[in-house]
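Participant: Quick one: structure below, then a few questions.
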Amino acid sequence: MTADLILWDWNGTLLDDVALCVDALNRLLRRYGYPQQYDLDAYRDIFGFPVEEYYVRAGFDFSRHPFPVLAESYMQDYLPHSAACPLAQGAREALEAFRTAGLRQVVLSASPADTLAHQVTQRGIRPYFDELLGLSDIYARSKVAIGLAYLQRSGFAPERCVMIGDSVHDAEVAQALGVRCVLLCSGHQSEAALKAAGAPVYPDLPEAAAGILRQAQAQ
């Protein structure tokens, strides 16, 4: 797997915010009077993109509570709590290993760009990345367009890029960009859902990083 560029997902891949997201979902449901609550496994079974569809699977009724209202309420709860979220296990080591191997690194996230910049900088890892690519709103619809624009202006050959993510959407984004993808089942979606996406699936970030580096060195 010869590579020049690593395209990192952020939430659930480099940032370990899964437990917070489960709690924030459950608080949102209670805030708007819904009785259902989700544990980690049930959350991973319903999570996905677009986020509107995930909210429907969680049981929200948009005729009573419009999605933009719910999304704003969720972010008002999530953002202050996210300051306490750690990096994923092995994240710093993976970032350093890729840099040492001469690979360039970029974050490609469905988070709002300002939130992404704040969270990355807050954790002291901004120098590892050439760019931080986030969305212009809070609705987390898709990151294909910003990924395509980045590849076009940067000149990286898609076949020499690897996306690391934790969702089926990351595999879909990678396919749309023409880049390779590896997925982690330590994030926001279930192992079964990830394996159905067709990309290699690793149990966690250290194993994924080691696998990418082994293949790169074998070329």
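The values are calculated or read from the model by the stated rules, or taken from the named source; none is laboratory data. Note that the coordinates shown come from a computational prediction; the quantities given were computed from them, not determined experimentally. Note that we place each Cβ from the backbone using ideal geometry, even for glycine, and neighbour counts take in every protein chain shown. SASA here: full protein model, heavy atoms, side chains in, ligands and nucleic acids out. Shrake-Rupley method; radii C 1.70, N 1.55, O 1.52, S 1.80 Å.
Participant: Check whether at least one residue in the range 91-101 is polar (S, T, N, Q), out of contact with any Gly (no Cβ under 9 Å at 6 or more places or on another chain) and over 30 Å from F156 (Cβ atoms), and report yes or no.
Facilitator: So far as the range 91-101 goes, no, none of its residues is polar (S, T, N, Q), out of contact with any Gly (no Cβ under 9 Å at 6 or more places or on another chain) and over 30 Å from F156 (Cβ atoms).
Participant: Mind listing whichever residues of the range 35-59 are surrounded by fewer than 20 Cβ atoms within 10 Å (Cβ to Cβ) and in a loop (DSSP other than H, G, I, E, B)?
Facilitator: P35, Q36, Q37, Y38, D39, G48, P50, G59 - these are the residues of the range 35-59 that are surrounded by fewer than 20 Cβ atoms within 10 Å (Cβ to Cβ) and in a loop (DSSP other than H, G, I, E, B).
Participant: Out of all the residues in the range 184-191, is one or more open to solvent by 30 Å² or more (accessible area, probe 1.4 Å), of a type outside the set (G, A, S), farther than 24 Å from R153 by Cβ and assigned to a helix (DSSP H, G or I)?
Facilitator: yes
Participant: For A94, which of the numbered conditions (1) over 18 Å from V18 (Cβ atoms); (2) open to solvent by less than 10 Å² (accessible area, probe 1.4 Å) fails to hold?
Facilitator: Going through the list (1) over 18 Å from V18 (Cβ atoms); (2) open to solvent by less than 10 Å² (accessible area, probe 1.4 Å), A94 breaks only (1).
Participant: Would you be able to tell me the number of residues in the range 159-183 that are among the small types (G, A, S) and either assigned to a strand (DSSP E or B) or free of Cβ contacts under 8 Å to residues at least 12 places away in the same chain (or both)?
Facilitator: Of the residues in the range 159-183, 1 are among the small types (G, A, S) and either assigned to a strand (DSSP E or B) or free of Cβ contacts under 8 Å to residues at least 12 places away in the same chain (or both).
Participant: Additional query: Please state which one of S63, S82 is more than 27 Å from E172 (Cβ to Cβ), polar (S, T, N, Q) and either open to solvent by less than 30 Å² (accessible area, probe 1.4 Å) or out of contact with any helix residue (DSSP H, G or I) (no Cβ under 6 Å at 6 or more places or on another chain) (or both).
Facilitator: When all the criteria are applied, what remains is S63.
Participant: Residue check: is Y78 without any contact (Cβ under 8 Å) to a residue 24 or more places away in the chain, among the aromatic types (F, W, Y) and not in a loop (DSSP other than H, G, I, E, B)?
Facilitator: Considered against the rule, which asks whether it is without any contact (Cβ under 8 Å) to a residue 24 or more places away in the chain, among the aromatic types (F, W, Y) and not in a loop (DSSP other than H, G, I, E, B), Y78 comes out as no.
Participant: Hey, another quick one. Being modelled with pLDDT under 95 and in a loop (DSSP other than H, G, I, E, B) is true for just one of A145, A140, A149. Which residue is that?
Facilitator: A140
Participant: Now for a different question. Give all pairs with beta carbons closer than 6 Å in which a residue from the range 11-40 that is under 27 Å from M163 (Cβ atoms) and of a type in the set (V, I, T) meets a residue that is open to solvent by 20 Å² or more (accessible area, probe 1.4 Å) and not in a strand (DSSP E or B); count only pairs at least 6 apart in sequence or on separate chains.
Facilitator: Note: pairs meeting the criteria are V22/L40.
Participant: Next question, about the same structure. Can you pull out the residues in the range 190-207 that are touching a helix residue (DSSP H, G or I) at 6+ places or on another chain (Cβ under 8 Å) and at negative phi?
Facilitator: S190, A193, L194, A196, A197, A199, P200, V201, Y202, L205, P206
Participant: Determine whether the range 105-122 contains at least one residue that is over 17 Å from the mean Cα position of the chain (by Cα) and in a loop (DSSP other than H, G, I, E, B).
Facilitator: No, there is no match, as no residue in the range 105-122 is over 17 Å from the mean Cα position of the chain (by Cα) and in a loop (DSSP other than H, G, I, E, B).
Participant: Next question. Can you tell me which residue in the range 1-34 is nearest to A97 (Cα to Cα), limited to those that are outside any helix (DSSP H, G or I), open to solvent by 30 Å² or more (accessible area, probe 1.4 Å) and in contact with a Leu (Cβ under 8 Å, 6 or more places away or on another chain)?
Facilitator: Once the filter is applied, the top-ranked residue is D4.
Participant: Would you check which residues across the range 149-175 are open to solvent by 10 Å² or more (accessible area, probe 1.4 Å) and over 16 Å from the mean Cα position of the chain (by Cα) and list them?
Facilitator: A149, L151, Q152, R153, S154, G155, F156, A157, P158, E159, R160
Participant: With the condition kept exactly as written, say whether any residue in the range 196-206 is out of contact with any strand residue (DSSP E or B) (no Cβ under 7 Å at 6 or more places or on another chain), open to solvent by less than 50 Å² (accessible area, probe 1.4 Å) and small (G, A, S).
Facilitator: no
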